[in-house]
Amino acid sequence: MRDIPHAQFETSTPLTDAQLIDPDSSIGRAHDAFSKTSQAAWQFLILAEIANFSVLRRHLGRLRADTVVVDVATRIGEALPDARVVIAGREVAEIAFESNARLALDVAMAALEVAFERPLDIDGESYVIHVQMGAAAAAVADHRDDVHLIEEAENALVESRAERSAIARDVTGNSVAIDRAALARDLALAIEREELFLQYQPKVHLRRQQITSVEALVRWNHPTRGLVLPNDFIPLAEESRDIVALTLWTIRRSIADQKTLAANGHDLRIFINIAGALLADKRFVRRACALVEASGAQLGFEITETSVIRDPESAIANLKVFAEIGIVIAIDDYGAGLSSLAYLKQLPARELKIDKLFVTQLTSSNRDPLIVRSTIDLAHALEMEVVAEGVETQAAMALLSVMGCDMIQGFLISRPINLEALMHFLEDGKYQAMTADIRAPFNRLATVWKRG
Ligand code: C2E
Ligand code: CA
Ligand code: CA
């Protein structure tokens, strides 16, 4: 469509050889020409597609329409003099360039949008070209091949057609893999460098309205990445076996913090998460027992059933060793992994923690209340106390209370907090007011739940 007929036309400067790369030549496509010696931090690829190509073809005829992309590439070259432009088809031009700033991509895309607001002169007539853009950015340090960059730019182009606006994506696939390797290396030093620390999340006993225990959750204060949460490094520690040193450190730290708590009048059991692989590790079991026995600390270990199923015989034997020296065993994430009633009965566990997956949806799902209710009954039949984790709302707390759940843990009561904050929390007693108020939504929820 001739959007602006007979508009002024200025002669365009032809692309230089360096800019316009013939796709059939040995140099190949724009992205192939990424300068391997470039010191820039980022490389970018923009795919610019003529969105109104079929309209142009109707007006110009097939032969002329097929070369409009050359005019488009020329206009791109004027707007981005440092970029390499390649004609990648009748409707698409590829634009490759590097920069030290990620922002350069947004700047370039904006420049192209402006450049195509002006119509193109095609054989003496003015045509507005609608250019659709999909782009990808990759950090040079992370990036191993150009395929990801092209794929991401292509995906972005598809998205931009649907969204009718330019889309840019970052290539992250490779960086995640490289991140993991770097993080695993750093982790080995993190313990020595005292970069790990513990936060504690209280568990409230509903009937007693009392905090009887806390769970220790490890965090990593990484020198360049800042706070790293356990889901991002515990799996790495398990793979590299650093989990042994990490867990022994956690036990030592918890023992010391428990002494501080006790000295301030707070007698609390501290629960520690124990990764599955450690349950069959004789050396770990010996060292953990030695630490606990020497200190006389009141600890608990949270383990998952999945970890018992790996090697049930030695896991159950080791759990009995722990239980004999006074460590309370809690079954963590119940319902989320493999469950086996046969093993459940054999475990010397005193607590069962219902996975937060069921608890966070408790008041919005029809199925989860039934699962939670039957889990509570099962645990009580096996003489275990039940902890619901992931309690975020007053309504969930009320429903759990009516179902006979013994303890709750979750953001409603407190997020995981540092030792000092925990002591303040215990002293100001606000949680007691919160749990004392359970009865308010109690009756209404109880009826809703009973009706199903
Ligand atoms: P987990 O044992 O299931 O721990 C509970 C997780 O749920 C914690 O995440 C906690 O911050 C989060 N959470 C607590 N309350 C709520 C709530 O109300 N709503 C929601 N949505 N989430 C809540 P975090 O600290 O990121 O820990 C993640 C996992 O990392 C833990 O899951 C545990 O499996 C593992 N982990 C943490 N510390 C250690 C450790 O010292 N050793 C080992 N082996 N694993 C650990
Ligand atoms: Ca846990
Ligand atoms: Ca859990």
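Summary of computed values
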{"read-out": "Any hit, region 386-400, residues being closer than 30 Å to Ala294 by Cα and within 16 Å of ligand 2 (Cβ to nearest atom)", "value": "yes"}
{"read-out": "Sole exception among (1) within 16 Å of ligand 2 (Cβ to nearest atom); (2) farther than 28 Å from Leu347 by Cα for Gly429, by number", "value": "(1)"}
{"read-out": "Options Leu236, Leu246: the member that is within 16 Å of ligand 2 (Cβ to nearest atom) and over 22 Å from Ala379 (Cβ atoms)", "value": "Leu246"}
{"read-out": "Test: residue in region 312-324 that is within 14 Å of ligand 3 (Cβ to nearest atom), in contact (Cβ under 8 Å) with a residue 12 or more places away in the chain and closer than 22 Å to Ala237 by Cα", "value": "no"}
{"read-out": "Residues satisfying the stated conditions in region 60-87, i.e. open to solvent by 40 Å² or more (accessible area, probe 1.4 Å) and more than 12 Å from Phe116 (Cβ to Cβ)", "value": "Arg62, Leu63, Arg64, Asp66, Thr67, Val70, Pro81, Asp82"}
{"read-out": "All helices (runs of 4 or more DSSP H) inside region 328-425 with 3 or more residues being among the aliphatic types (A, V, I, L, M), assigned by TED's automatic domain parsing to the domain that holds Pro312 and touching a strand residue (DSSP E or B) at 6+ places or on another chain (Cβ under 8 Å)", "value": "368-381, 394-402"}
{"read-out": "Counted residues, region 270-291 - those being more than 16 Å from ligand 3 (Cβ to nearest atom) and assigned to a loop (DSSP other than H, G, I, E, B)", "value": "1"}
{"read-out": "Matching entry among Arg225, Arg241, Arg252, Arg219 (being within 20 Å of Arg415 (Cβ to Cβ) and either within 16 Å of ligand 3 (Cβ to nearest atom) or assigned by TED's automatic domain parsing to the domain that holds Asp428 (or both))", "value": "Arg219"}
{"read-out": "Considering residues of region 352-367 that are closer than 19 Å to Val402 by Cα, out of contact with any Ser or Thr (no Cβ under 9 Å at 6 or more places or on another chain) and not hydroxyl-bearing (Ser, Thr, Tyr) only, the residue nearest to ligand 2 (Cβ to nearest atom)", "value": "Lys353"}
{"read-out": "Lone qualifier among Arg373, Arg367, Arg286 - being in contact (Cβ under 8 Å) with a residue 12 or more places away in the chain and either farther than 23 Å from Arg241 by Cβ or more than 15 Å from ligand 1 (Cβ to nearest atom) (or both)", "value": "Arg373"}
{"read-out": "Tally, over region 209-255, of residues that are open to solvent by 50 Å² or more (accessible area, probe 1.4 Å) and either more than 13 Å from ligand 1 (Cβ to nearest atom) or not aliphatic (A, V, I, L, M) (or both)", "value": "15"}
{"read-out": "Which listed residue, of Ala336, Ala379, Ala342, is of a type in the set (A, V, I, L, M, F, W, C) and either in contact with a Cys (Cβ under 9 Å, 6 or more places away or on another chain) or modelled with pLDDT of 95 or more (or both)", "value": "Ala379"}
{"read-out": "Of residues in region 292-326 being open to solvent by less than 30 Å² (accessible area, probe 1.4 Å) and outside any helix (DSSP H, G or I), the one farthest from ligand 1 (Cβ to nearest atom)", "value": "Ala297"}
{"read-out": "Failed item, numbered, when Ser254 is tested on (1) of a type in the set (Gly, Ala, Ser); (2) within 15 Å of ligand 2 (Cβ to nearest atom); (3) in contact with a helix residue (DSSP H, G or I) (Cβ under 6 Å, 6 or more places away or on another chain)", "value": "(3)"}
{"read-out": "Total residues in region 61-81, condition touching a residue at least 60 places away in the same chain (Cβ under 8 Å) and of a type outside the set (Gly, Ala, Ser)", "value": "5"}
{"read-out": "Residues that are within 24 Å of the chain's Cα centre (by Cα), free of Cβ contacts under 8 Å to residues at least 40 places away in the same chain and surrounded by fewer than 17 Cβ atoms within 10 Å (Cβ to Cβ), drawn from region 401-420", "value": "Phe411"}
{"read-out": "Matching residues in region 334-344 - criterion: being surrounded by 18 or more Cβ atoms within 10 Å (Cβ to Cβ) and within 16 Å of ligand 2 (Cβ to nearest atom)", "value": "Tyr334, Gly335"}
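The values are calculated or read from the model by the stated rules, or taken from the named source; none is laboratory data. Note that the structure is predicted; figures quoted are calculated from it, not measured. For neighbour counting, all protein chains shown are included, and Cβ atoms are generated from backbone atoms with ideal geometry for every residue, glycine included. SASA here: full protein model, heavy atoms, side chains in, ligands and nucleic acids out. Shrake-Rupley method; radii C 1.70, N 1.55, O 1.52, S 1.80 Å.
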